[in-house]
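Remarks on the structure that follows.
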Amino acid sequence: MKKLIIYSLLLFIVTGFYSCLDDKNNFDYKQVNELDGEILNIDIAGYEVNVGEELTISPTFKFTIDKENPDVSYEWYLDGKKLDVTTPSYTFSSDKYGIYELTYAVVDNKTGVKFSLSTKITVTSAYLKGWAILSDMNGRSALSFIKVKTVKKLYYDSDGREAYKDSIVYEEVEKDIIPDLGTEPLRLLESTGYWDLAYQDLNSGEEVLYDELVVMQGSKWVELNGNSLMKSVYTEEEFNGDIPDDFSPVDAVMTYSSKFLFNQNGYIYYNQRAVANDFHAGFYLSDPIWGGTRFKKMYGIQKFNDYMRTIPVLTTDNSLQYIWDGGLTYEFPTIHMNTLMYSGNVYEIVDDEGKGDSRFQNMEYEIINMLPASTEKDDWYDTCMPRWVALLKKDGNYFLRNFSLDTYYVNPPVKVGDYFEKNIKSEMFADYKDMVVFQNKRYVVIANGAELWYCSTTDEGDSGIKIKLEDGDALPGEIVSLSYLDINFNTEKEPVNGHLGVAFANGEFRIYEVIEQKAGDTATEVTLKKLYPNKVSNLQGDNKFGTIVDAIYKFGDCLKITVFK
């Protein structure tokens, strides 16, 4: 009986096996559409539009089988919610600041299979980024703004595929935006926010404040909301009524973790911020830092990562030291107290033996100007170290010094990371006006009277090149100030050129593309191509801004200083 059962089971298995083999030729296997390549014409890196601005997205795709006129339907989702839109294109617009997720889906109606792709849309203020111009209108402070528009332009990559690149245009201008801004205008400063604010978890439509704009003037300094350019606070109000005697600020450095005011008498006042996403969560101490020590100068830093911890100061004996700004956020947005232990203290730059670095002690040089030059090209945006480029003078000769500080460890002291110094042409300084540093492209532009000069910050053989203008164009006269947009972005063929803002004594403001001609890594010729004013902007009126005292490019999101998004 047991054998009979076993034989029966074996017969059943064998019969089933042959049935399966036979069935192989009887199944009708359906071929299913797949994507032939990728969904195109939608930028997964994201889009940025102004409030109220329309953005139309029209993705394209191909199926592996039904290549022509496929039977499909379309779906669109905004922050996970299905929209009442069934067309292949969608036009997005919002009257609220914020970061939104848009998802496109194409459904194969034959099988119900859905293919989707998402992107991020950041809705910003029209004032988030652009060229801010401060003018003196008969003693009154006047703020004007040249807006930036980024458009997507179609091109074909090396494989012949459709691709899109960002192109910047300057077409819209607003003059004298804010009534009763103040008097006796002096300078502008961008107070940048937390460096990775765009990557924090935010609710859809939640307003993101990336920066503020500080107007330095003879009357009360005023700090403006970076989205609306409306007054947030008068700077002196952050002393909570305990304003120091002889308070007359002339310079400032503001980061996501600290604010420092440099007073006319050499005192520095410190405001320790409590949280990284509130520009006014803190107050200034009425006692100056470092026991009331007086300093000759304070220099800037762009805190676009947590290693930007050192704010240079020049002592009365002409030594370069630094204020420690160590505030970190382990859990956004709180700045943890254990990272603030040394903040506000002043330290020497040390050598390998832990002694004061002689290159920065009792210097025989005069510092003409010194500006931040940190770049993600040194490492990456979140790990590169603080860097500066300084113009120096000694015995009638001029020098350019490019150096970094090694702030890898979370506590001071620090030593020099790398150091480069070279002689540069003295003729660039016959009537020196201003300098800007293109840190990502590693050069400076120097204004000398009505001339512009170029000088590499890394090429020892380049001591200065006089800049030419395209098509026989000419500068309209004496230069007042320079500003810059160093676009750190590469196409497949070459880097995108930087943009230079030039303010003139006659009230004009121009924006140029800086075009380098190189033999290897060495520049042989530098020319400027005028981007603003242009035909579109001229329709709005003249290019006159009164008596310009200063102009800056307002980056908004401080990561855009070194990462073009």
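The values are calculated or read from the model by the stated rules, or taken from the named source; none is laboratory data. Since we're looking at a predicted model, the values are computed, not measured. All Cβ positions, even for glycine, are placed from backbone atoms using ideal geometry, and neighbour counts span all protein chains on display.
Of all the residues in region 433-492, those that are under 25 Å from Gly546 (Cα atoms), modelled with pLDDT of 95 or more, out of contact with any Leu (no Cβ under 6 Å at 6 or more places or on another chain) and of a type in the set (Asp, Glu) number 2. Filtering region 52-106 to residues that are surrounded by 13 or more Cβ atoms within 10 Å (Cβ to Cβ) and among the acidic types (Asp, Glu) leaves Glu53, Asp66, Glu75, Asp79, Glu101. Taking the criterion of being outside any strand (DSSP E or B) and at pLDDT below 95, would at least one residue in region 116-124 satisfy it? No, region 116-124 has no match at all.
Test Pro288 against the stated conditions and say whether it is of a type outside the set (Lys, Arg), at pLDDT 95 or above and more than 30 Å from the chain's Cα centre (by Cα). Against the criterion (of a type outside the set (Lys, Arg), at pLDDT 95 or above and more than 30 Å from the chain's Cα centre (by Cα)), Pro288 qualifies. When region 294-308 is limited to residues that are basic (Lys, Arg) and touching a strand residue (DSSP E or B) at 6+ places or on another chain (Cβ under 6 Å), the one that is surrounded by the fewest Cβ atoms within 10 Å (Cβ to Cβ) turns out to be Lys296. Scanning region 84-110 for residues that are more than 17 Å from Thr60 (Cβ to Cβ) and within 29 Å of the chain's Cα centre (by Cα) yields a total of 10.
The set of residues in region 219-244 being touching a residue at least 40 places away in the same chain (Cβ under 8 Å) and closer than 17 Å to Ala281 by Cβ consists of Glu223, Gly226, Ser232, Val233, Glu238, Phe239, Asn240. Phe247 - would you say it is over 24 Å from Ala132 (Cβ atoms), of a type in the set (Phe, Trp, Tyr) and assigned to a loop (DSSP other than H, G, I, E, B)? Criteria met by Phe247. Ser374 meets each of the listed conditions (1) assigned to a strand (DSSP E or B); (2) buried (at least 20 other Cβ atoms within 10 Å of the Cβ) apart from (1). Screening Ala198 against (1) assigned to a helix (DSSP H, G or I); (2) at pLDDT 95 or above; (3) under 23 Å from the mean Cα position of the chain (by Cα) leaves a single unmet condition, (2). I want to confirm something. Restricting to region 107-145 and keeping residues that are under 30 Å from Gly182 (Cβ atoms) and β-branched (Val, Ile, Thr), which single residue is surrounded by the fewest Cβ atoms within 10 Å (Cβ to Cβ)? The qualifying residue surrounded by the fewest Cβ atoms within 10 Å (Cβ to Cβ) is Thr124. Which count do you get for residues in region 221-245 that are touching a Phe, Trp or Tyr at 6+ places or on another chain (Cβ under 6 Å) and loosely packed, with under 14 Cβ neighbours inside 10 Å? Qualifying residue count, region 221-245: 1.
Considering region 163-174, and only residues there that are of a type outside the set (Gly, Ala, Ser) and modelled with pLDDT under 70, the residue that is surrounded by the most Cβ atoms within 10 Å (Cβ to Cβ) turns out to be Asp166. Considered as a group, the residues in region 500-533 that are at pLDDT below 95 and not in a strand (DSSP E or B) include one that is surrounded by the fewest Cβ atoms within 10 Å (Cβ to Cβ), and that residue is Gly520. Pairs are defined by a Cβ separation below 8 Å, a sequence spacing of at least 6 or placement on different chains, a first member in region 267-295 that is closer than 17 Å to Tyr256 by Cβ, and a second member that is surrounded by fewer than 15 Cβ atoms within 10 Å (Cβ to Cβ) and among the small types (Gly, Ala, Ser); the pairs so defined are Arg273/Ala281; Ala274/Ala281; Val275/Ala281.
When you go through (1) among the β-branched types (Val, Ile, Thr); (2) in contact with a Ser or Thr (Cβ under 6 Å, 6 or more places away or on another chain); (3) surrounded by fewer than 20 Cβ atoms within 10 Å (Cβ to Cβ) one by one for Ile289, which number turns out not to apply? Tallying (1) among the β-branched types (Val, Ile, Thr); (2) in contact with a Ser or Thr (Cβ under 6 Å, 6 or more places away or on another chain); (3) surrounded by fewer than 20 Cβ atoms within 10 Å (Cβ to Cβ), Ile289 fails exactly one: (2). Here Val113, Val123 are screened, and the one residue that is of a type in the set (A, V, I, L, M) and farther than 23 Å from Val72 by Cα is Val123. Screening the candidates Asp459, Asp486, Asp434, Asp471 for the property of being out of contact with any Cys (no Cβ under 7 Å at 6 or more places or on another chain) and surrounded by fewer than 17 Cβ atoms within 10 Å (Cβ to Cβ) yields one hit, Asp471. Scanning region 336-350 for residues that are surrounded by fewer than 18 Cβ atoms within 10 Å (Cβ to Cβ), free of Cβ contacts under 8 Å to residues at least 60 places away in the same chain and part of a strand (DSSP E or B) turns up nothing. Pairs meeting the criteria (first residue in region 30-51 and touching a residue at least 12 places away in the same chain (Cβ under 8 Å) and surrounded by 12 or more Cβ atoms within 10 Å (Cβ to Cβ), second residue among the acidic types (Asp, Glu) and part of a strand (DSSP E or B), beta carbons under 6 Å, at least 6 apart or on different chains) are Asn33/Asp108; Leu40/Glu162. With respect to (1) farther than 29 Å from Leu559 by Cβ; (2) surrounded by fewer than 16 Cβ atoms within 10 Å (Cβ to Cβ), the lone exception for Asp357 is condition (2). Scanning region 273-306 for residues that are in contact with an Asp or Glu (Cβ under 8 Å, 6 or more places away or on another chain), within 21 Å of Ile243 (Cβ to Cβ) and not aliphatic (A, V, I, L, M) yields a total of 6.
Selection of first residues in region 82-100 that are under 17 Å from Asp43 (Cβ atoms) and of second residues that are basic (Lys, Arg), restricted to Cβ pairs under 8 Å at least 6 apart or on distinct chains, gives the following pairs, ordered by first then second residue: Ile99/Lys120; Tyr100/Lys120. Of all residue pairs spaced 6 or more apart or on separate chains, none has beta-carbon atoms under 7 Å together with a first member in region 379-390 that is at positive phi and a second member that is assigned to a loop (DSSP other than H, G, I, E, B) and of a type in the set (S, T, N, Q). Checking region 316-332 against the condition returns no match, with no residue being assigned to a strand (DSSP E or B), among the hydroxyl-bearing types (Ser, Thr, Tyr), modelled with pLDDT under 95 and surrounded by fewer than 18 Cβ atoms within 10 Å (Cβ to Cβ).
Within region 266-291, the set of residues being out of contact with any Gly (no Cβ under 6 Å at 6 or more places or on another chain), in a strand (DSSP E or B) and closer than 25 Å to Thr316 by Cβ comprises Ile268, Tyr269, Tyr284.
Taking Asn397, is it at pLDDT 95 or above and surrounded by fewer than 21 Cβ atoms within 10 Å (Cβ to Cβ)? It is true that Asn397 is at pLDDT 95 or above and surrounded by fewer than 21 Cβ atoms within 10 Å (Cβ to Cβ).
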